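Engineer: I have a structure here, written as structure tokens, and I will follow up with some questions on it.
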Amino acid sequence: LMFVGHVSIDQVENPKGVRVQPGGAALYAAMAAKSLLKSVTLVSAVGKDYKFTDVLGFFDSKHVKAFNIPSSTFNIRYDQRGEAQYLKAAVGAGSKIGASFVPTKLLAANSIVHLSPMAPTKTVKIFEKIRKTSPKTKISINTWINYIRQSRRNRAILKDLALKADFFILNDTEAKALAQTDSISTVLR
């Protein structure tokens, strides 16, 4: 099981206060998987400023590359209902993640790779490399509302990936934005 995507430094605000913590969808998913499975790989990039290296110690360090630029950072505010508002997003070292990062020697017919939210142009290149290298590897993809809203091109790439991926994960707001409709029944069709 492999997770590819952002590891970040998050400033999380909620009704109980503000906290700086390790973050990133790839890290969260990989940590959860690691509690259940032994063979979990995290593929990402951080800056030299990343201060939560103890968390990364659960994974093979050669797949999380360190760069001399700031780490990805997200400032997220959660309201009373638990809905997130991204106040600031700086991709930083996460911009370095690419198809060349994927350790293809670890891929096999029974492998599963999860692509956490990254720019759709990057996601499609990583997806294509995995499919070409290991056609039977299962691939799941998750995206982010801001990538969907960013451009028509992003939506076209993500719609195409939704048809090709084994699993395509998004919430109802993202699904409506991707389909450019307010009707969930239209989205499902």
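Engineer: Pick from segment 96-111 the residues that are surrounded by 16 or more Cβ atoms within 10 Å (Cβ to Cβ) and over 13 Å from the mean Cα position of the chain (by Cα): which of them is farthest from V43 (Cα to Cα)?
Structural biologist: Restricting to residues being surrounded by 16 or more Cβ atoms within 10 Å (Cβ to Cβ) and over 13 Å from the mean Cα position of the chain (by Cα), the top hit is S111.
Engineer: Any residue in segment 1-12 that is in contact with a strand residue (DSSP E or B) (Cβ under 6 Å, 6 or more places away or on another chain), open to solvent by 50 Å² or more (accessible area, probe 1.4 Å) and assigned to a strand (DSSP E or B)?
Structural biologist: Yes; the residues of segment 1-12 include at least one that is in contact with a strand residue (DSSP E or B) (Cβ under 6 Å, 6 or more places away or on another chain), open to solvent by 50 Å² or more (accessible area, probe 1.4 Å) and assigned to a strand (DSSP E or B).
Engineer: Within the set of pairs 6 or more residues apart or between chains, which connect a residue that is in contact (Cβ under 8 Å) with a residue 40 or more places away in the chain inside segment 119-139 to a residue that is part of a helix (DSSP H, G or I) with Cβ atoms less than 6 Å apart?
Structural biologist: P120/Y147; P120/N154; P120/I157; P120/L158; I126/A99
Engineer: Between residues in segment 23-41 that are of a type in the set (S, T, N, Q) and residues that are part of a helix (DSSP H, G or I) and open to solvent by less than 60 Å² (accessible area, probe 1.4 Å), which pairs lie under 7 Å by C-beta distance while being six or more apart or on different chains?
Structural biologist: Pairs that qualify, where the first residue is of a type in the set (S, T, N, Q) and the partner is part of a helix (DSSP H, G or I) and open to solvent by less than 60 Å² (accessible area, probe 1.4 Å), are T41/H63.
Engineer: Follow-up question, since we're still on this one. Farther than 18 Å from M118 by Cβ, in contact (Cβ under 8 Å) with a residue 60 or more places away in the chain, open to solvent by 70 Å² or more (accessible area, probe 1.4 Å) and not in a loop (DSSP other than H, G, I, E, B): is that true of R77 in this structure?
Structural biologist: yes
Engineer: If I filter segment 173-189 down to residues being open to solvent by 90 Å² or more (accessible area, probe 1.4 Å) and within 29 Å of I112 (Cα to Cα), which single residue comes out as nearest to the chain's Cα centre (by Cα)?
Structural biologist: Ranking the qualifying residues of segment 173-189, first place goes to L188.
Engineer: Is it true that L27 is outside any strand (DSSP E or B), touching a strand residue (DSSP E or B) at 6+ places or on another chain (Cβ under 9 Å), of a type outside the set (F, W, Y) and closer than 24 Å to E174 by Cα?
Structural biologist: Yes, satisfied.
Engineer: Let me ask something else. Could you give me the residue pairs with C-beta distances under 7 Å whose first residue belongs to segment 173-189 and is on the phi < 0 side of the Ramachandran plot, whose second residue is exposed (fewer than 10 other Cβ atoms within 10 Å of the Cβ) wherever it lies, and which are 6+ apart or on separate chains?
Structural biologist: K176/D182; I184/D172
Engineer: Any residue at all in segment 93-103 that's closer than 26 Å to T173 by Cβ, in contact (Cβ under 8 Å) with a residue 60 or more places away in the chain and not β-branched (V, I, T)?
Structural biologist: yes
Engineer: Which one of G82, G57, G47 is touching a Pro at 6+ places or on another chain (Cβ under 9 Å) and farther than 25 Å from A162 by Cα?
Structural biologist: Result of the check over G82, G57, G47: G47.
Engineer: If only one of A93, A84, A25, A33 is farther than 19 Å from W144 by Cα, small (G, A, S) and open to solvent by less than 70 Å² (accessible area, probe 1.4 Å), which one is it?
Structural biologist: A33
Engineer: Run Y50 past the list (1) under 28 Å from L106 (Cα atoms); (2) assigned to a strand (DSSP E or B); (3) open to solvent by less than 30 Å² (accessible area, probe 1.4 Å); (4) not basic (K, R) and report the number of the one that doesn't hold.
Structural biologist: With respect to (1) under 28 Å from L106 (Cα atoms); (2) assigned to a strand (DSSP E or B); (3) open to solvent by less than 30 Å² (accessible area, probe 1.4 Å); (4) not basic (K, R), Y50 is out only on (2).
Engineer: Would you be able to tell me the number of residues in segment 53-74 that are open to solvent by 50 Å² or more (accessible area, probe 1.4 Å) and not in a strand (DSSP E or B)?
Structural biologist: Going through segment 53-74 one residue at a time, the tally reaches 10.
The values are calculated or read from the model by the stated rules, or taken from the named source; none is laboratory data. No experiment lies behind these values; they were computed from the predicted model shown. Cβ: placed from backbone, ideal geometry, glycine included. Neighbour counts: every protein chain shown. Just the protein is used for accessible areas: all its heavy atoms, side chains included, with ligands, DNA and RNA removed. Shrake-Rupley method; radii C 1.70, N 1.55, O 1.52, S 1.80 Å.
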